[in-house]
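Any read-out appearing in this document is the output of simple, stated calculations on the displayed coordinates, not a laboratory observation. Note that the structure is a prediction, hence the values are computed from the model and not measured. Heads up, the Cβs are rebuilt from the backbone with ideal geometry, glycines too, and the neighbour counts pull from every protein chain shown.
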């Protein structure tokens, strides 16, 4: 139990993490939006983002990660679920079946932007995955350090 | 309004997410839970009312037509099960208000309970085999969580058995789904019922059918796969035990009814003969196991098994009368068994033990609670005019009519032994003098007794006004034995 998820003090790791974290988060959002038409999506994007936070957790420890995240991971999980479920509802306004995707096309600056309930659902999945993984990692690391 | 079918799934899912978001305040979690289960009960009752008007309510989720999309189908059987689930959920949440320790609530008791409900109602309402698998998994994951909340040694031991055997069952279920899909190329239940009529290799179908049978029997706790149940059901807190005892095994039975009443009916002499023997041995082994136990919750757990046997027996006989008996048995048993577990929680509160040997004197001390125990206990044993009598009567009459003498004889004998077990609890815990070692009793919490009383009243209603319930069961049986109407409802009258 001595090792656990105790903060690692390697200079290379610390420097690299600070650089990689924002890049990885950006990449996760890219994956989330890309999933609209191509491989990607909320689940894989959420995993990448959770990976970024897990790296930070391993290097700087649970306390620093909680400061970085600002909100409790359980809240992220809960709101992800709520988002995902809300996405099933707009179809009701138009008298269609639950889960029927609703689309909204916007013309902005010469390009067409398509917004849909599918995207809301995907964002919900994204948040739920981040919330689940970070909740687990936080719980594990805090318990291991607590037992030292 | 077809979207009504989705509400019994959506409400508990949303409630699960909201109670999770409220994890800081157990007070608000409780409020939301009571409100959500009440809403669930209302929605499911409305659904049942609509079903009784229209026969079937079908929703093609996302607007994708069957057999390509996922269909949600509410027929009599499904909507009855959802209503009973609502009753159990509401009473269990009321009971949890005062009996659930704060540590459990802190670690997500209410969110897990709601997700479990979503899984159960999803399994009842889906019309797609793979979707059924998904709901089974939702239900199982939530139940793993609920089973281990508290983290005591006995819980871990029970949970390991529970998890291992259920994962095995899921793997088997998934393999069967894969082979079935490879054979006929569809998983929509209605479409399956159509396409399996034309499959020529009956041997292959029988093999797939057996895989489904084993998988569902494990979940239902049928012979010879029941051993995980008495090993795990008595370990969590009582409200969880009660919900598990009432609902989870019945989802397995429901799946058996669905799959062997609609899909695999091509070779009844083979499949339903096996079910018959399974039912007989399930009844026997459950009741004999109970007779040897002296711990209330373990006795009750073993009785779940023996009662499951009656339901499987009813399915195996496969006449309208038998199926009606089986359906009656399903909803009667869910209410009675949940109630018995809740009562065992109250007696534990009074005497601080579940061991019959060290209990006693409850009748003199708490005559009201004793009466409340007597109603479901005697109903379980099948004493007229309580609900269990009619359930057993229908099944046994069906057995006599179709000349299954041995099975009928066993069913009667098992009824007698059930009475023995219930009288054992009565004599030991309620009737005999109070052991001197027991200290002064505590006051029973109001919200612990109200759910028990509600369910006891329901048992009385089902017993004393049995006729509408029997008519309902007969209508359900008729609908279940007429797959063509189900197929037409889901596939829209296409051949």
Worksheet, complete the sentence: If each part is reduced to its alpha-carbon centroid, segment B:282-312 and segment B:89-128 end up apart, in Å, by 25 Å
Item to complete: Rounded to the nearest 10 degrees, what's the angle between the helix B:268-291 long axis and the longest principal axis of chain B, both from Cα atoms, 0 to 90?
Response: 10 degrees
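Å³ per residue of the Cα convex hull, for chain B?
Working: hull volume 62.5 nm³, N = 495.
Dividing the Cα hull volume of chain B by its residues yields 126 Å³.
Multiply the residue separation of residue B:368 and residue B:200 by 0.36 nm, subtract the distance between their alpha-carbon atoms, and state the gained length in nm to one decimal.
Working: separation 168, 0.36 × 168 = 60.48 nm, distance 6.14 nm.
The span from residue B:368 to residue B:200 would gain 54.3 nm if fully extended.
Quick one: A:36, B:114, fewest Cβ neighbours within 10 Å first, how do they rank?
Fewest to most other Cβ atoms nearby, the residues stand as A:36, B:114.
In whole percent, what relative contact order does chain A give with Cα contacts below 8 Å and a gap of six or more residues?
On the way: 211 pairs, mean separation 46.6, N = 148.
It rounds to 31 percent for chain A.
Give me the percent relative contact order of chain B, please, defined on Cα pairs under 8 angstrom at least 6 residues apart.
On the way: 822 pairs, mean separation 77.3, N = 495.
It rounds to 16 percent for chain B.
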Discussion item. Based on alpha-carbon centroids, what's the gap between segment B:14-72 and segment B:146-212 in Å, whole number please?
Written reply: 25 Å
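Want the number for residue B:319 to residue B:53: 0.36 nm per residue separation, take away the alpha-carbon distance, what's left?
Values: separation 266, 0.36 × 266 = 95.76 nm, distance 2.47 nm.
Residue separation times 0.36 nm, minus the Cα-Cα distance, leaves 93.3 nm.
Exposure proxy check: B:56, B:233, B:181, B:162 ranked by fewest other beta carbons within 10 Å?
Result, fewest neighbours first: B:181, B:56, B:162, B:233.
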Item to complete: Can you tell me the 0 to 90 degree angle between the C-alpha axis of helix B:367-381 and the longest principal axis of chain B, rounded to 10?
Response: 30 degrees
Worksheet item: Could you state the number of Å between the C-alpha centres of segment B:478-492 and segment B:345-383?
Response: 45 Å
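Once you order the gyration tensor axes a ≥ b ≥ c over the Cα atoms, which shape class does segment B:76-183 get: rounded for a/c under 1.5, otherwise prolate or oblate by comparing a/b with b/c?
Details: a/c = 3.05, a/b = 1.37, b/c = 2.22.
The shape class here is oblate.
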Worksheet item: Of A:100, B:42, how do they rank once you tally other Cβ atoms within 10 Å and put the fewest first?
Response: B:42, A:100
Worksheet, complete the sentence: Site residue B:34, offset 7 angstrom along Cα→Cβ, radius 12 Å on amide nitrogen, limited to segment B:326-346, gives none
Discussion item. Helix A:73-86 against the longest principal axis of chain A: what's the angle in degrees, Cα atoms only, rounded to the nearest 10?
Written reply: 10 degrees
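Just the ratio, please: alpha-carbon radius of gyration of chain A over 2.2 N^0.38 Å, N its number of residues.
On the way: Rg = 18.4 Å, N = 148, 2.2 N^0.38 = 14.7 Å.
Dividing the Cα Rg of chain A by 2.2 N^0.38 Å gives 1.25.
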Discussion item. Calculate log10 I(q)/I(0) of the protein assembly as shown for q = 0.08, 0.10, 0.12 Å⁻¹, where I(q) comes from the Debye formula with a single equal point scatterer on each Cα and nothing for solvent.
Written reply: -0.62, -0.94, -1.28
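Let me check I have the definition right: for segment B:390-471, take the eigenvalues of the Cα gyration tensor, multiply each by 5, take square roots. What are those semi-axes in whole Å, largest first? Intermediate values should be presented prior to the final figure.
Numbers: eigenvalues 248, 91, 10 Å².
After scaling each eigenvalue by five and taking roots: 35, 21, 7 Å.
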